[in-house]
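Novice: Below you will find the structure I want to go over with you.
The values are calculated or read from the model by the stated rules, or taken from the named source; none is laboratory data. Everything numeric in this text was worked out from a predicted model, so none of it was measured. We place every Cβ from the backbone using ideal geometry, glycine too, and count neighbours over all the protein chains shown.
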Amino acid sequence: MYRPTTCTLALLALLMPGSTPADPLTAPPAPGSLAFARYIASLHQRDPFGESGPVSLVIEASLPGLGKESRLVAVRETGDSERSEYKVLESDGDAEVTREVIAPYLAEQKEIENRPLSSVIVTPANYKFHFLSEPTIDYTSTAVFRIEPKNKREGLIRGELRIDSATGIAVMQAGYFVKTSSAGIRRMEMIRDTKLRDGFPSSRITRVAIETRRAGRGYLTITEFPPAAASAVVRVAFPSLTWPFALTSAAPIPEPRP
């Protein structure tokens, strides 16, 4: 009586339907992988808010606990030292808010800028990425990742990153800085939204909540316009910008100002 050998059984197993491993060339991509690949490619493009000429910005800040506010309009340029320089066009409001909220924020940004870009940029070299979802918002497909710094140093954020699936551009980053360089700041949380027009960034709004040691909790809203729209900033009156108060679960939700 014929008895199948081990080699025969192995051969039959390979010939059975569904027993052959999937061809990696035809296997479906992992969720979010295409958007992530486009995001990495987009980092090699010129930054419209830092490398394409003067950027106009409006900074609005408040200390709700003291009932004080401040606001300034400025132009940010890259100076001969290749660092950001600010030219203030308009300023009003309470000087204490400027001193306790705006100045520490700009000082923190300067410290981050002084670090090598390779040490703070949101890439796999500095962060762990965990895919969360692929929601469609306003008919636009996006990919959302949780980001966790591999090291605890200034300039790195624990939170979430939302990527536009078609262009790979980061349209939202939210979370809190794992470490700050300023002795006057206990904690700093951030939401940064980038608006696209025809696939290119047209404006960027950064909302920041700062826990200061002396003045309590302060808030900033920084609206930036790339060079193509920069000239419009000095000609329009900016209304007070309000927080959307929709931070992701990656960071506490700040209290709105009255």
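Novice: List pairs: first in segment 81-110 and surrounded by 12 or more Cβ atoms within 10 Å (Cβ to Cβ) and in a strand (DSSP E or B), second modelled with pLDDT of 85 or more and among the β-branched types (Val, Ile, Thr), Cβ under 6 Å, 6+ apart or cross-chain?
Specialist: Leu89/Val73; Glu90/Val73
Novice: Out of all the residues in segment 55-68, which are touching a residue at least 60 places away in the same chain (Cβ under 8 Å), more than 21 Å from the chain's Cα centre (by Cα) and part of a strand (DSSP E or B)?
Specialist: Ser62, Leu63
Novice: Return the total of residues in segment 204-223 being modelled with pLDDT under 90 and either of a type in the set (Val, Ile, Thr) or closer than 23 Å to Gly168 by Cβ (or both).
Specialist: The qualifying residues number 1.
Novice: Related question: Could you grab me the full set of residues in segment 142-178 that are over 13 Å from the mean Cα position of the chain (by Cα), more than 26 Å from Arg197 (Cβ to Cβ) and aliphatic (A, V, I, L, M)?
Specialist: Within segment 142-178, just Val178 meets the criteria.
Novice: Given (1) in a strand (DSSP E or B); (2) hydroxyl-bearing (Ser, Thr, Tyr); (3) crowded, with 20+ Cβ neighbours inside 10 Å; (4) out of contact with any Ser or Thr (no Cβ under 9 Å at 6 or more places or on another chain), where does Thr194 come up short, assuming only one miss?
Specialist: Single failed check for Thr194: (4).
Novice: Counting only residues that are closer than 17 Å to Leu161 by Cα and touching a Phe, Trp or Tyr at 6+ places or on another chain (Cβ under 9 Å), which one in segment 197-222 is surrounded by the most Cβ atoms within 10 Å (Cβ to Cβ)?
Specialist: Arg207
Novice: So Ser119 clears everything in (1) crowded, with 17+ Cβ neighbours inside 10 Å; (2) more than 18 Å from Leu34 (Cβ to Cβ); (3) among the small types (Gly, Ala, Ser) except one condition, right? Which one?
Specialist: It fails just one condition, (1).
Novice: Which residues, taken from segment 137-173, are exposed (fewer than 15 other Cβ atoms within 10 Å of the Cβ), in a strand (DSSP E or B) and out of contact with any Ser or Thr (no Cβ under 7 Å at 6 or more places or on another chain)?
Specialist: Ile137, Thr140
Novice: Kindly evaluate Leu161 against the criterion of being modelled with pLDDT of 90 or more and of a type in the set (A, V, I, L, M, F, W, C).
Specialist: yes
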